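Visitor: One structure is given below, represented as structure tokens, and several questions about it will come after.
Read-outs: derived from the displayed coordinates by stated rules, not from any lab. Bear in mind the structure is a predicted one, so any value in this text is a computation, not a measurement.
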Ligand SMILES: [Zn+2]
């Protein structure tokens, strides 16, 4: 299937009009990632690389059921600015930029929009932006995260079953993200520099191992708890794990998209 079928911005406006008129209508994905340190062994583009690769494959496999916007490359990242290269956008600008992007899509007549996050700290931004889109336009707009090191809900069973690093191996620039990069862009991974940095806070209600949910969320300045920008065991990453996680993510995300677009838009009722 040609790329023009799934890349939102590669359609002509006439093709876009046809996509809007099609029934069932495609879901539109609005991706947002980050440029931030990912340890000594991965490029600072890692979150965007994983997001782009997964969504491209989802777009191909969804066969017209999914249109993917270009990734918004920068997100909420001030807490990473102690590491050279990170780009940080403030909270209000992130929410405004993301919601206005999605609202533009909705104004053309698309009814089901998914904000797709690839970077942990964008999660609350994505949720708020999605809410803003619903309130402003009445369409169905949700937020989800495709990066399993950030939010493993979609693939947690596979994430847990396949890892070799054990407790604490998955957090950031970790066993999972390194494995995904070994699958997607192996030439950008320097495995000889891949560290193991376990030993983050593990309390009764809070931990740094992402497959195990914490009861509260809290984000410190990154340089106060991670030595090299890694939380987890990057040295345990294998291409086999990356291939398995990539496949299960794509398979389930396409399924999620097809479920998502069945959510009906009901009429509001004014009870005043
Ligand atoms: Zn990342």
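Visitor: To the nearest 10 degrees, how steep is helix 123-137 against the longest Cα principal axis of the chain, on a 0 to 90 scale?
Guide: Helix 123-137 sits roughly 10 degrees off the main axis of the chain.
Visitor: With the chain treated as a Gaussian network of Cα nodes joined by springs under 10 Å, which of 38, 79, 119 yields the largest mean-square fluctuation?
Guide: Comparing 38, 79, 119 in the GNM, the peak value goes to 79.
Visitor: May I ask for the angle, rounded to the nearest 10°, between helix 239-260 and the longest principal axis of the chain, with both axes built from Cα atoms and the value confined to 0 to 90°?
Guide: 30
Visitor: Related question: To check you understand DSSP bridge types, tell me what percent of the beta bridges within the chain (both residues inside) are antiparallel, rounded to 5. Spell out each step's value before the answer.
Guide: Values: 5 of 22 bridges.
If we restrict to bridges inside the chain, about 25 percent are antiparallel.
Visitor: P(r) of region 126-272 in 10 Å steps, Cα pairs, percent per bin?
Guide: 11, 33, 29, 17, 7, 2, 0
Visitor: Restricting to Cα pairs below 8 Å that are 6+ residues apart, what does the relative contact order work out to for region 3-260? Please round to a whole percent. Don't skip to the end; give the middle numbers.
Guide: On the way: 545 pairs, mean separation 56.5, N = 258.
Once divided by the residue count of region 3-260, the mean separation gives 22 percent.
Visitor: Then there is this: Quickly estimate the mean residue ellipticity at 222 nm for the chain, helices only: each DSSP H run with n ≥ 4 gives -39500 (n - 2.57), and the total goes over all residues, rounded to 500. Walk me through the numbers on the way to the answer.
Guide: Working: 7 runs with 96 residues, N = 272.
Helices in the chain give a 222 nm mean residue ellipticity of -11500 deg cm²/dmol.
Visitor: Semi-axes of the equivalent ellipsoid of the chain: what are they in whole Å, largest first, if each equals the square root of 5 times a C-alpha gyration tensor eigenvalue? Before the final figure, lay out each step's value.
Guide: On the way: eigenvalues 207, 85, 59 Å².
In descending order the semi-axes read 32, 21, 17 Å.
Visitor: Taking the alpha-carbon centroid of each part, what is the distance from region 3-57 to region 170-189 in angstrom?
Guide: Here the two parts' Cα centres lie 19 Å apart.
Visitor: To continue, here is another question. Hey, what angle do you get for helix 175-184 against the long axis of the chain, alpha-carbon based, 0 to 90 degrees rounded to 10?
Guide: In the chain, helix 175-184 runs at an angle near 60 degrees to the longest axis.
Visitor: Assign one of three labels to region 26-176, namely rounded, prolate or oblate, based on the Cα gyration tensor with a ≥ b ≥ c the square roots of its eigenvalues; rounded applies when a/c is under 1.5, prolate when it is not and a/b is larger than b/c, and oblate otherwise. Working shown, then result.
Guide: Numbers: a/c = 2.01, a/b = 1.37, b/c = 1.47.
The shape class here is oblate.
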